[in-house]
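First the structure, then my questions, so here it is.
The values are calculated or read from the model by the stated rules, or taken from the named source; none is laboratory data. Predicted model only: the values in this text are computed from it and were never measured. Heads up, the Cβs are rebuilt from the backbone with ideal geometry, glycines too, and the neighbour counts pull from every protein chain shown. For the accessible areas, the whole protein counts, side chains as well, though only heavy atoms, and no ligand, DNA or RNA atoms are used. Shrake-Rupley method; radii C 1.70, N 1.55, O 1.52, S 1.80 Å.
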Amino acid sequence: MRKLFVYSLVTLIAAGGVLQSCKLKKAGHIAVDDDAAKQVYVAPGHYDEYYNFVSGGFSGQVSVYGIPSGRLLKVIPVFSQNGENGYGYDENTKPMLNTSFGFVPWDDSHHTQLSETDAMYDGRWLFINANNTPRIARIDLKNFQTAEIIELPNTAGNHASPFITCNTEYIVAGSRFSVPTDYQNGDVPIKDYKKDFHGTISYIKVDKKTGGLSLDFQLALPPYNYDLSHSGKNASADWSFFTCYNTEEAHTLLEVNASQHDKDYILAINWKKAAEHAAKGDFDWKPCKYAHNVMNEATEQATSEILNKVKVIDTKKYNDFLYLIPCPKSPHGVDVDPTGEYIVGNGKLSANLPVFSFSKIEKAIKNHKFAGKVDGINVIKYEDALHGEVQSPGLGSLHTEFDADGNAYTSFFISSEIVKWSLKDCKIEDRIPTYYSVGHLSVLGADTKKPYGKYMIAYNKITKDCFLPTGPELCQAAQLYDISGNKMKLLLEFPLVGEPHYASAIAADMLKPNMQYFTRLADNHNPYKISTAQQARMERHGNRVDVYMAAIRSRLVPDNIEGIKLGDEVYFHVTNIEQEWDIPHGFAVKGNNNAEILVMPGETRTLKWIPNRVGILPYYCTDFCSALHQEMQGYARVSPKGSNTPLKF
Ligand code: K7E
Ligand code: RUQ
Ligand code: CUA
């Protein structure tokens, strides 16, 4: 969301008097129940009931919060370098940020998805997209670390991503920006948009055992903006649904030109049939370039590979598996309810909220009853697909979530509220304001076939007046609501890291991280590992100096090194030889242009240092690890180029 756009809308709405101010709340204008505090208070030493994984938006990371307390437990670095633990700075994890464009140290992440078995969370992996340089990451939930990142070719604006099918067979990803594909000459006039630009949807296979990602095939599509997606479940399990806006195919002044059509579309794709086409050979191998990066747990080193071709199915030739459903107007989210029957299209500029019926869509397809074709794709009649419309629910609908009892909850950005309505009859049941301008919301567990319900969280873009001011740049925030009763009830608001989009919560007892997964030295197959302080040493190979270092309370071994010269590249391979799971050591050198490293017990991490001045440069442990932490230090002597100071350690 562009901030300017946001603020102008807020000014507009505030002028209309629709928004209340947080100040009013403090004056008692919105009721926060007396026992709200009791409901969210998790006493010291007690654990939260849910882990909530929140996308970091322009921070590129994922942050983990406990629910209901709203306590920040951890930031998991994914697409951006993270000085706090050396991610993307140490030699081990740097390859994770490789792309076909080279090393890209930042991205914009929007949507989290938990792996599922039979449309229920299985607690194995978390997936998240990078919007800017199109990538998908897999985070391993046994150690809360980024395990794999795959780039997507032929794609720009990887926003409709990463939505998973209900047995995690595929991750589905659609391009927000249409562009010339990688196999075209991309140097074309932008005004030739309609002729030369394409949308792309990717199907990424997930290995059942390891979670390993591989790009199976892509669909070449008309140049719409594919904004968001959701997979079906139960009867609709073989389908994925995408919203398309800019079906006007505009390439400039989109705020006007892409808002012409009264209805855009939801694109329904039978992914099983598409996969059958791919398996039958109904595709062309197309040249392209994309990176695939994997963290190897045994060696604690990431490897990065650039791949150069992909299967592309031309949907002008093969289109018996995709259908367009008209949807008013510039839809953003598309959301499938827990039964798989209802599909909600959230038209940002639409007065009413349409709810489509999967069984009706199926019937229209079976009877070959279509309104015609657009760009070669069959269009189902709006009325033939429609279950019902929620009449005038609010302004600017973005996303809808569901509880286990047949209720839906829709976020309205412009009117800054969440509206609860009934799936059966599309009747509004309750509404509650958000402070302010909610984007995504999540009902815990809503993308499974049996949502947890109980809590709903709003992810708000604007927090003016809500917290102590921090200058003109304010945080984004979440608000937690109790939805166990008929009326929604606000319990808590808490600030977030980066701009949150989607989030996924899982019951805490589904995950068992921590000590049972800490690395035993014996399982560490890093080539630079040492197992005892006696093995610590220093080696020179040309202008490369390798320092094999041990860290243990409360020493760094070796702690005096000499013989380094200007022009050398120094690699500190630090092994934490502690065997107690919660004692990390850090390591940093004065003046190094890489960050520190954080080394967990049993691990080896490598920090590269190119000294650029002569002198004594101290190094030390950066993580307060014992009463003698301040004694965990050392000196490196750097001599001029060509000097004959011998190696000494
Ligand atoms: Cu609505 Cu990127 Cu999911 Cu944000 S998107 S709000
Ligand atoms: S030392 S416990 Cu820098 Cu005072 Cu931290
Ligand atoms: Cu080791 Cu501080």
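For the stretch 107-247, just run the numbers: alpha carbon Rg, then divide by 2.2 N^0.38 Å, N being how many residues it has.
Here the Cα radius of gyration is 1.06 times the empirical estimate.
Turning to a different aspect of this structure: Starting at the first residue of the stretch 126-140, write each ³J(HN,Hα) from the Karplus equation 6.51 cos²θ - 1.76 cosθ + 1.60 with θ = phi - 60°, in whole Hz, x for Gly and Pro.
10, 10, 8, 9, 10, 7, 7, 9, x, 8, 10, 10, 10, 9, 7
Here's something else I'd like to know. What accessible area per residue comes out for the stretch 399-537, rounded to a whole number of Å², with a 1.4 Å probe?
39 Å²
Run the numbers for K450 and K366: contour at 0.36 nm per residue of separation, minus the present Cα-Cα distance, in nm.
Working it through step by step, the gained length comes to 27.3 nm.
Ignoring ligands, DNA and RNA, please state the percent of accessible area on the chain from carbon and sulfur, probe 1.4 Å.
53 percent
Moving on. Counting only C-alpha contacts under 8 Å and six or more residues apart, can you give the relative contact order of the stretch 521-639 as a whole percent?
After rounding, I find 27 percent.
What net charge is computed for the residues neighbouring S643, neighbours being all others with C-beta under 15 Å from the C-beta of S643, Lys and Arg scored +1, Asp and Glu -1?
Value of the local net charge: +4.
Also, quick follow-up: Quick one: which of 257-270, 93-106 comes out on top by average Cβ neighbours within 10 Å, and what's the full order, highest first?
Per-residue Cβ counts within 10 Å, averaged per peptide and sorted highest first, yield 257-270, 93-106.
I would also like to ask the following. First select every other residue whose beta carbon is under 12 angstrom from the beta carbon of D207; then total the charges, Lys and Arg +1, Asp and Glu -1.
+2
Please figure out what share of the DSSP beta bridges in the stretch 521-639 is antiparallel and state it in percent, rounded to the nearest 5.
70 percent
Using protein chains only and a probe of 1.4 angstrom, how many square angstrom of R555 are accessible, to the nearest 10?
Looks like 130 Å² after rounding.
Using the Cα atoms as the points, what is the convex hull volume per residue of the chain in Å³?
Considering the Cα atoms of the chain, their hull volume per residue is 172 Å³.
For the chain, what's the relative contact order in percent, using C-alpha pairs closer than 8 Å and at least 6 residues apart?
Averaging sequence separation for qualifying contacts and normalising by length gives 11 percent for the chain.
Below 8 Å between Cα atoms, with a sequence gap of 6+, how large is the relative contact order for the stretch 192-318 in percent?
With pairs under 8 Å counted, the relative contact order is 22 percent.
May I ask you to evaluate 6.51 cos²θ - 1.76 cosθ + 1.60, the Karplus curve with θ = phi - 60°, for each residue of the stretch 483-499 and list the ³J(HN,Hα) values in order in whole Hz, giving x for glycine and proline?
Karplus values, whole Hz, x for Gly and Pro: 10, 6, x, 5, 9, 6, 9, 6, 10, 7, 10, 8, x, 10, 8, x, 9.
May I ask you to compute the full-extension gain from E539 to K316, defined as 0.36 nm times their residue separation minus their alpha-carbon distance, rounded to one decimal in nm?
Residue separation times 0.36 nm, minus the Cα-Cα distance, leaves 74.2 nm.
Can you pull the one-decimal nm distance between simple spin-label points at L566 and L628, each 7 Å off the Cα toward Cβ?
It is 3.7 nm.
Note down the net charge around N185, summing +1 for each Lys or Arg and -1 for each Asp or Glu among other residues with Cβ under 12 Å from its Cβ.
Net charge around N185: -4.
Find which of I171, M538, S202 sits farthest along the positive direction of the dipole of the chain, computed with +1 on the beta-carbon of Lys and Arg, -1 on that of Asp and Glu, about the Cα centre.
Result: M538.
Quick check on the chain: helices-only [θ] at 222 nm, where DSSP H runs of length 4 and up contribute -39,500 (n - 2.57) each and the sum goes over total residues. Nearest 500, please.
Value at 222 nm, helices only, nearest 500: -2000 deg cm²/dmol.
When the dipole is taken about the Cα centre of the stretch 521-639, and only Lys, Arg (+1) and Asp, Glu (-1) are charged at their Cβ, what size is it in debye, to the nearest 20?
500 debye
Something else: Assuming R0 = 35 Å, can you tell me the calculated FRET efficiency for the pair N257 and K208, based on Cβ-Cβ distance, to the nearest 0.05?
The value I calculate is 0.20.
Let me ask something else. Quote the charge dipole size of the chain about the Cα centre in Debye, to the nearest 20; the model charges only the Cβ of Lys and Arg (+1) and of Asp and Glu (-1).
So the magnitude is around 720 debye.
Using +1 at the Cβ of each Lys and Arg and -1 at the Cβ of each Asp and Glu in the chain, identify which of T470, P495, P611 lies farthest towards the dipole's positive end.
Positive-most Cα among the choices belongs to P611.
Here's something else I'd like to know. With labels modelled as points extended 7 Å from the Cα through the Cβ direction, what inter-label distance (nm, one decimal) is found for I428 paired with D282?
Label at I428, label at D282, 4.5 nm between them.
Taking θ = phi - 60°, what integer Hz values does the Karplus form 6.51 cos²θ - 1.76 cosθ + 1.60 yield along the stretch 359-371, in sequence order, with x for Gly and Pro?
Computed from phi, the couplings for the stretch 359-371 are 5, 5, 4, 4, 5, 4, 5, 4, 8, 6, 9, 10, 7 Hz.
Out of residues 5 or more away from A237 or on other chains, whose amide H comes under 5 Å of its own, with H placed 1.01 Å from N in the peptide plane?
none
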